[in-house]
Protein chains: 2
Amino acid sequence: MKISCDKNVLLEGINIVQKAVSPKSTMPILEGILLEASDNLKLVGSDLDLGIECYLSAFVEEEGAVVLNARIFGEIVRRLPDDVVYIEVLENYNTNIKCGNTEFNIMGINPIEFPELPKVQKENTIIITQDKLRSMIRQTIFAVGTKESKIILTGSCLELDGNEINMVSVDGYRLALRKEILDSVYEKQSIVIPGKTLNELAKIIKEEEKKISLHISPKHVLFEFDECRIVSRLLEGEFLNYKHIIPKEYQLRVKVKVKPMIEAIERCALIILSDTQKHPIIISIGTDVINISCRTQTGTVYDSLDAETYGSDLQIGFNYKYLLEALKACECEEVYMEFNTSLSPCVIKPIEGDSFTHLILPVRF
Amino acid sequence: MKISCDKNVLLEGINIVQKAVSPKSTMPILEGILLEASDNLKLVGSDLDLGIECYLSAFVEEEGAVVLNARIFGEIVRRLPDDVVYIEVLENYNTNIKCGNTEFNIMGINPIEFPELPKVQKENTIIITQDKLRSMIRQTIFAVGTKESKIILTGSCLELDGNEINMVSVDGYRLALRKEILDSVYEKQSIVIPGKTLNELAKIIKEEEKKISLHISPKHVLFEFDECRIVSRLLEGEFLNYKHIIPKEYQLRVKVKVKPMIEAIERCALIILSDTQKHPIIISIGTDVINISCRTQTGTVYDSLDAETYGSDLQIGFNYKYLLEALKACECEEVYMEFNTSLSPCVIKPIEGDSFTHLILPVRF
């Protein structure tokens, strides 16, 4: 293999495919990036569950392939001058990297054993814009479960019905639901995509209205956009039937300014974090006021915010972290918080529309 | 004690005195900041070796004092809204902190046992500008020793002679010397200031031409500037007699562009860092060229830079970290590097004048 490629083009490609590479693997080849030169240069990273391919424009003098350690190759290219990078694979996959007056020689690995990305048929395809998908992921990813015992909840459920698309994450204590409208109508179906895939995907796709295609097969989903292809395994099994746990009614509704509420909770967190026990924060809602308070060994904190309240007074406790993450994911200035009793979940909704629903279980205090 | 003070004034004071507070101490009172209200508000932090006092303009309604945990108090004030902060000490040193709609109550400590800062006579006083002192520290601090076995080398030596002031750090493998000219003439003397003191001092003083006074007593030095007083213990003993180890002559002098040289060494570092052994980097100097190379298990790297050379060819090995830190501390575009043999130290000097001298011992390769 003998190619040349602009340093910044190469670096952007490495930064993308590196997201699928595990820094520590039992198979050294999986700590590497596959470089494959034919018409252009293809980079591939994979951890078997998630695979990312990226096509770069490069001048290919001699076709071929090699696997290079992702961390070392990435750091080398990052530090090269902004110039053309020449890569040549010599005997025994020894690889020569030249740029400006700099020259590296590093050991490469025979690419023959690099795992092929699963083939995904392009029969069942959904089209969405990158910014919509990115926003759906960002507003739900924090509620993905982390418990190995409930493996299905370590992913987000993507549901299609007509021109509606939902993304839902549930971890047993909270739920995040995000709705979008698509340009076309699709068959009713649902898949569960691993949280890790969505996390990396949200870092790669951009905040722009360009299209991204999701090709769905029984076991995999393939995301196709720009010069990238991301293939992920799907989680198997039935997702939680979450619809019945979202309360339809409320006894008390509060219109809350998000930023001051976040700041007040973050102040409470100071005395919770400096304590060994996990104390709840107490939200007390009176007429047109929210009081936020907490008491730990470190001390007490008390905050009050103006708010429009509709309904009777209530006092309710929460894990501050869940409340904070849900509010931060709202990405709007004001929201409704809806309550029933101090033992039933709180629902956070937009002032207009129903683009998101965050549900948080309370904590006894 | 009952006071009020602007939040940002208070926060700036906390950020300064906190630099003397150890996050973990066997005496809880030393993890705290002393607040003392009389005419104005005094904040004090101390770890017994280093003490910092800061005077803030505040409205004092009731005189008094309390010690508050530095980390918690600092985090609370940092998170308060930009408004007036009201602090009141209640029964048992319980302390109430109010700002806007927020109110904290945290446990304070009886200030009676807070250590007093050592008194330093103002008989032997040196005046220098803050920017000069800051630059002297920054250009020498990296070469301060870390070995507990040579405690005197864990400080920098400050030497006065007439209107000349030198700061010198030595760690056994390298030396950094920085000279400045003062506005007045002083008696010949030298003291050794702990590296930690200088490190914190460089973070506090600003890049401006305002004066700072150094009051020197046999065991302490007091830095006085703006509204701050910093008292540090001095290190006792004889500093290394370093003057004879700086070569007066050279066989080979190279005029080096600092930035490209740093970048080339950083690229070499990539393959050194990814190896378990500490390999030296090899500098080969030919006619008007410097070649930098290194070989480790990970691979090889080779770089070349144009440079003006005066003298015969040489090949010499270095610990890349020492070379990198010395070059980064130069803070200029070009320097002279002077060599004798591959076993004798390299000296880095400015192109004009003698404001700094960096000396680095070579490594066999």
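What whole number of Å gives the distance from the Cα centroid of the range A:318-365 to the Cα centroid of the range B:326-365? Here the answer is 61 Å between Cα centres. The mean number of Cβ atoms from other chains found within 10 Å of a Cβ in peptide A:294-300 is 4, as a whole number. In the calculated pair distance distribution of the range A:257-299, what percentage of Cα-Cα distances lie above 12 Å? For the range A:257-299, the fraction of Cα-Cα distances above 12 Å is 60 percent.
When the alpha-carbon atoms of the range B:4-120 are used, the pair Rg, Dmax equals 13.1, 43 angstrom. Residue of chain A with the smallest Cβ distance to the axis mapping A onto B, distance rounded to whole Å: A:Pro23, 15. For trypsin sites (Lys or Arg not before Pro), the sites in the range A:48-132 that DSSP calls loop and that have at most 12 other Cβ atoms within 10 Å are A:Lys119, A:Lys122.
Is the range B:307-363 best put as rounded, prolate or oblate by its Cα gyration tensor, with a ≥ b ≥ c the root eigenvalues, rounded for a/c under 1.5, and otherwise prolate when a/b is larger than b/c, oblate when not?
Oblate shape, in that a/c is at least 1.5 and b/c is the bigger or equal ratio.
In which sequence would A:Cys332, B:Cys268 go, from the one with the fewest C-beta neighbours within 10 Å to the one with the most? Write down the numbers at each step before the final one.
Values: A:Cys332 11, B:Cys268 29.
Ranking A:Cys332, B:Cys268 by Cβ neighbours within 10 Å, fewest first, gives A:Cys332, B:Cys268.
Rounded to whole Å, give me the distance from the Cα center of the range A:115-149 to that of the range A:192-243. The distance from the Cα centre of the range A:115-149 to that of the range A:192-243 comes to 2 Å. Sparse packing (at most 14 other Cβ atoms within 10 Å of the Cβ) combined with a DSSP loop state is found for the following GluC sites (Glu not before Pro) in the range B:13-113: B:Glu63. If you line up the long axis of helix B:195-204 against the longest principal axis of chain B, both from Cα atoms, how many degrees apart are they, to the nearest 10? For helix B:195-204, the angle is close to 70 degrees. Find out how many positive minus negative residues lie around B:Asn69, taking Lys and Arg as positive, Asp and Glu as negative, among other residues whose Cβ is under 10 Å from that of B:Asn69. Local charge sum for B:Asn69: -1. Considering the protein assembly as shown at the alpha-carbon level, its Rg and Dmax are found to be 32.0, 90 Å.
The spread of Cα positions in the range B:247-360, taken along each principal axis and listed from longest to shortest, comes to 41, 28, 23 Å. A:Ile151 label point (Cα plus 7 Å toward Cβ) to equivalent points in the other copies: 5.9 nm, shortest first. If R0 equals 41 Å, the separation of the Cβ atoms of A:Lys179 and A:Thr26 corresponds to a calculated FRET efficiency of about 0.50. The Kirkwood radius of the range A:146-204, taken over pairs of alpha-carbon atoms, gives through the Stokes-Einstein law at 25 °C and 0.890 mPa s a diffusion coefficient of 199 µm² s⁻¹. Among B:Val67, B:Val84, B:Val221, the residue with the largest mean-square fluctuation in a Gaussian network model of chain B, with springs joining Cα atoms closer than 10 Å, is B:Val84. Label-to-label distances for A:Ser284 across copies, nearest first, come out at 7.8 nm, using points 7 Å from Cα in the beta-carbon direction.
With its label point put 7 Å out from Cα toward Cβ, B:Ile246 sits 7.3 nm from the same residue's point in the other copies, in order from shortest. Legend: Rg and Dmax of the range A:125-243, from Cα coordinates, 13.2, 39 Å.
Hey, what's the Kirkwood Rh for the range B:199-312 if you take every pair of different alpha carbons, in angstrom?
Working: mean 1/r = 0.0529 Å⁻¹.
Across the range B:199-312, the inverse of the average 1/r is 18.9 Å.
A:Ser274 sits among other residues whose Cβ lies under 14 Å from its own Cβ, and their net charge, with Lys and Arg +1 and Asp and Glu -1, is +3. From its DSSP helices (H runs of at least four residues, each -39,500 (n - 2.57)), the protein assembly as shown gives a residue-normalised ellipticity at 222 nm of -5500 deg cm²/dmol.
Using the Kirkwood radius over C-alpha pairs as Rh, can you work out the diffusion coefficient of the range B:183-233 via Stokes-Einstein at 10 °C, viscosity 1.306 mPa s, in µm² per second? Could you put the intermediate results ahead of the total?
Numbers: Rh = 12.1 Å.
Result for D is 131 µm²/s.
Tell me, what is the Rg over Rh of chain A, with Rh the Kirkwood radius over Cα pairs? Intermediate results must be reported in sequence, preceding the final value.
Values: Rg = 24.6 Å, Rh = 23.0 Å.
Using Cα coordinates only, the ratio equals 1.07.
Readers should treat all values here as calculations from the given coordinates under stated rules, not as data from a laboratory. Predicted model, so just to flag it, every value in this text is computed and none were measured. Note that we place each Cβ from the backbone using ideal geometry, even for glycine, and neighbour counts take in every protein chain shown.
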